[in-house]
1. What percent do you get for the relative contact order of the chain when only Cα pairs under 8 Å and 6+ apart count?
2. Specify the inter-centroid distance of the range 65-103 and the range 23-63, based on alpha-carbon positions, in whole Å.
3. With n ≥ 4 as the cut-off for DSSP H runs, can you work out [θ] at 222 nm for the chain, using -39500 (n - 2.57) per run divided by the number of residues, rounded to the nearest 500?
4. Add +1 for every Lys or Arg and -1 for every Asp or Glu among the other residues with Cβ under 15 Å from the Cβ of Glu94, and state the total.
5. Suppose R0 equals 30 Å; then what is the FRET efficiency for Asp103 and Glu65 from their Cβ-Cβ distance, rounded to the nearest 0.05?
6. Provide the per-residue ³J(HN,Hα) series for the range 52-63, in order, calculated from phi with Karplus coefficients 6.51, -1.76, 1.60 and θ = phi - 60°, each as a whole number of Hz, with x at glycine and proline positions.
7. Helix 29-47 versus the longest principal axis of the chain: what is the Cα-based angle in degrees, 0 to 90, to the nearest 10?
Amino acid sequence: HVMFQCYVTSKGELDLMWYQRSVDTFLGLPFNIASYALLSHIICELTGLTPRYLKCTLGDVHVYEGHLEAVGELLSREPKELPQIRIPSLKTLEDLKRLTAKDFELVGYESHGAIKAPLSVGV
């Protein structure tokens, strides 16, 4: 990850865009999307803005050969409804420093079973 950029509309909406040099599409990208979505919600909570769009520009986008079967399984599944996130009220960065993962709540989250795939580093 090289950078992220925020854009604020005249209506008080925040768009967050990040640039990522390289991405393991199957194992890494879902985590990256969730992480930047959470970051945009945290920024909005601190600033009083409303989250709008999450965008990304990706460089070396790849699926490893060892993940092809897992990707096929993922693509065969019906998508589920997206959950909503609840985060505590944040007024200052000090408030943010005190939070732990337990302070965040996903409402309406439903998942399919896990799909296992090997981690491929530099392959």
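Just so you know, all these numbers are worked out from the coordinates, no wet-lab data involved. From a predicted model like this one, the values you see are computed outputs, not experimental measurements. Positions of Cβ are backbone-derived with ideal geometry, glycine not excepted, and every protein chain shown enters the neighbour counts.
1. 24 percent
2. One Cα centre to the other: 10 Å.
3. Numbers: 3 runs with 32 residues, N = 123.
That calculation yields -8000 deg cm²/dmol at 222 nm.
4. Computed value for this residue: 0.
5. Using R0 = 30 Å, I get an efficiency of 0.15.
6. Karplus values, whole Hz, x for Gly and Pro: 10, 10, 10, 10, 9, 10, 10, x, 6, 8, 8, 10.
7. Relative to the chain, helix 29-47 is tipped by roughly 0 degrees.
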